[in-house]
1. When residues of the stretch 213-236 are filtered for being hydroxyl-bearing (Ser, Thr, Tyr) and not in a strand (DSSP E or B), how many remain?
2. How many residues are in contact with a helix residue (DSSP H, G or I) (Cβ under 8 Å, 6 or more places away or on another chain) and either among the β-branched types (Val, Ile, Thr) or not in a loop (DSSP other than H, G, I, E, B) (or both) if we restrict to the stretch 161-195?
3. Quickly run through the stretch 250-270 and pick out the residues that are of a type in the set (D, E, K, R) and either open to solvent by less than 30 Å² (accessible area, probe 1.4 Å) or in a helix (DSSP H, G or I) (or both).
4. Just checking, does the stretch 454-461 include any residue being crowded, with 18+ Cβ neighbours inside 10 Å, part of a strand (DSSP E or B) and hydrophobic (A, V, I, L, M, F, W, C)?
5. Kindly list the number of the only condition in (1) open to solvent by 70 Å² or more (accessible area, probe 1.4 Å); (2) under 21 Å from residue 373 (Cα atoms); (3) among the hydrophobic types (A, V, I, L, M, F, W, C) that fails for residue 518.
6. Scan the stretch 39-51 and tell me whether some residue there is modelled with pLDDT of 95 or more, surrounded by fewer than 21 Cβ atoms within 10 Å (Cβ to Cβ), touching a Lys or Arg at 6+ places or on another chain (Cβ under 8 Å) and farther than 30 Å from residue 233 by Cβ.
7. Within the stretch 462-475, work out how many residues are within 21 Å of residue 553 (Cβ to Cβ) and either modelled with pLDDT under 95 or in a strand (DSSP E or B) (or both).
8. All but one of (1) open to solvent by 40 Å² or more (accessible area, probe 1.4 Å); (2) touching a strand residue (DSSP E or B) at 6+ places or on another chain (Cβ under 7 Å); (3) at pLDDT 90 or above hold for residue 483; which doesn't?
Amino acid sequence: MFSLRVCCVIFGLTSLLGAAGSKAQDLQRLKEVADSLAKEQNFSGAVLVAKGDKILLQKAYGDANREWAIPNSSNTRFRLGSITKQFTAAAILLLQERGKLKLDDQISRHISGLPDSWNTVTIQQLLTHTSGIHSFTDLPEYRNIERFAKSPEETLAPVRELPLDFPSGSQWNYSNSGYVLLGMLIEKLSNTSYEQFVQQNIFAPLGMKDSGYDTNAAIIPHRAAGYAATNLKLQNAEFIHMSVPFAAGALYSTTGDLLRWQTALYEGRLLSQSSVQAMTTAVPPGYGFGLMIMDGPEGKRYFHAGGIEGFSTLSSYRPTEKISVVILSNIENRELMWIELPLARVSLGQKVILPSERKTISLTHANLDELVGKYATSDGKWTLVRRNASQLSVRSGGQPWLPVTAESKDHFFARTMDVQFEFHRTQNGTVDGLTTLQFGEAQRMSRIVESDPDYAHVPFFLRGEMNNWGLNDVMKSTVHKVYSVDLQLNKGRHLFKFGSEDFKAIDFGAASGDESVVQGVAKTLEALGENLQFEVSASGKFRFNLDTNDVHAPKLTVTRLP
């Protein structure tokens, strides 16, 4: 388990939350919820909750630098990842207000030499991720791109010759390429660097003294080190050269500065009301300009998450109540919504039941086995349920396995996040369905019966970065129930899994948190598993052997060929 360091500042502002004595609105309750969730989720970072510009709760957990045991604080500076996009969007709107551009301008009007297929793309489509330009972070070779200094033009070079993912304006698909292009536009029209424009036109006027453009070489006071978690163990995050994310994700800030940003933005102290309105007007599936806009049980909220090597971030604002929640973590790939939503609910006077406050019961293996299986919605969303000894676990979509605890025979909850599960039975007691309650919404699924994987009659393939996830490398039977393929691999880390053409008949990968494949060591795979990772120290030819004698848990062995 990770060690947990806590730094806390609580402000006596009970009147801001409502009548004194109301437990759900009490500041102490806000602290209890934050502490409990941080402990359950091994959170490392900083949290801020405010109403307007009045801070209700400001806390820090864990270490900013684990090698020196330096704790996080409210002054710790974190890489923001995609929260950067809000600032890029605001910069574009400032340029529009100054007459430098119009949102319906085609980007090619301002930047020359772009591919012909991008000629129809407008600035507004770039802001809303409806341009159709392929995201460079989705390229198979992206891991090799991110480690080296790149100009924006060099970052976009691999996607220039690709066709649009869809006709511009016809669909939505998140694209970091679009925001790098917007950064280029800002530099072109302002005749200054993106870093300087944001500093001079946003950070300085708003008094955001702890924010800036992150660079690898600069000495930045109070900057947190970033970490990755593997099998509950922390390690230093992979390197990324900060020239690569650019206007899509290269800024850093603190919780306090992001509060200054949100209050100024939404109160119209930076942009005109018409610009704020444009920024917070959503296109399907609920995206504005660098913001998600959603309505839920807590009302309307504007928010965005960020993820970059070593860091996970989330900021949200509920305009009706003027509630801000900012969560910045120096551990990557963290789902911070599980912390944000309970804190927002407490701030709004809603009831929150912490996992530690729920009653639990013990069930027999036979009771748990009744629940094991696959559940799915009519549109293809699925959830798997399995038992390991006395522990029931749930896995939805491509998410990691989540251990759950029983409140009753058919009601379970997760200790690490705000999600509950209710199993449904027919009149004769057979389990036939599952409802998941998360983010305040319920999703009902039906139990389905699947046949065993038919390896012998359904062609399946080794599919990964080495072959663009295609159907080039078919697994061929060499020995009864054993399938093989030989591949020439270059030095580096390779991601892959095994699947049929549509990944429906056969889909096997790694158990969550156990993705690494070691040469010469058999590894048991699981259905719908994560991408496997194989590190090649020197280029060569390798044989991938899959033993399917256990149809539900095939074993993979990789060996180097002479």
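The values are calculated or read from the model by the stated rules, or taken from the named source; none is laboratory data. These figures come from a predicted structure and were not determined experimentally. Neighbour counts are summed over all protein chains in view; Cβ atoms, including those assigned to glycine, are modelled from backbone coordinates with ideal geometry. Calculation scope for accessible area: heavy atoms of the full protein, side chains included, ligands and nucleic acids excluded. Shrake-Rupley method; radii C 1.70, N 1.55, O 1.52, S 1.80 Å.
1. Going through the stretch 213-236, the residues hydroxyl-bearing (Ser, Thr, Tyr) turn out to be 213, 215, 227, 230.
So of that shortlist, the ones also not in a strand (DSSP E or B) come out as 215.
The total comes to 1.
2. 16
3. If we filter the stretch 250-270 for residues that are of a type in the set (D, E, K, R), which is where we start, we get 257, 260, 267, 269.
Hits for the stretch 250-270 are 257, 260.
4. Taking the stretch 454-461 and keeping what is crowded, with 18+ Cβ neighbours inside 10 Å, we get 455, 460-461.
Still in the running and part of a strand (DSSP E or B): 460-461.
Subset that is hydrophobic (A, V, I, L, M, F, W, C): 460-461.
Yes: the stretch 454-461 contains one or more residues that are crowded, with 18+ Cβ neighbours inside 10 Å, part of a strand (DSSP E or B) and hydrophobic (A, V, I, L, M, F, W, C).
5. In the conditions (1) open to solvent by 70 Å² or more (accessible area, probe 1.4 Å); (2) under 21 Å from residue 373 (Cα atoms); (3) among the hydrophobic types (A, V, I, L, M, F, W, C), residue 518 misses (2) alone.
6. Looking only at the stretch 39-51, we keep the residues that are modelled with pLDDT of 95 or more, and these are 43-51.
Remaining after also requiring surrounded by fewer than 21 Cβ atoms within 10 Å (Cβ to Cβ): 51.
Keeping just the survivors that are touching a Lys or Arg at 6+ places or on another chain (Cβ under 8 Å) gives 51.
When the remaining residues are screened for being farther than 30 Å from residue 233 by Cβ, the result is 51.
Yes: the stretch 39-51 contains one or more residues that are modelled with pLDDT of 95 or more, surrounded by fewer than 21 Cβ atoms within 10 Å (Cβ to Cβ), touching a Lys or Arg at 6+ places or on another chain (Cβ under 8 Å) and farther than 30 Å from residue 233 by Cβ.
7. First, pick out the residues of the stretch 462-475 that are within 21 Å of residue 553 (Cβ to Cβ): 462-464, 475.
When the remaining residues are screened for being either modelled with pLDDT under 95 or in a strand (DSSP E or B) (or both), the result is 462-464.
Here the count works out to 3.
8. Exception for residue 483: condition (1).
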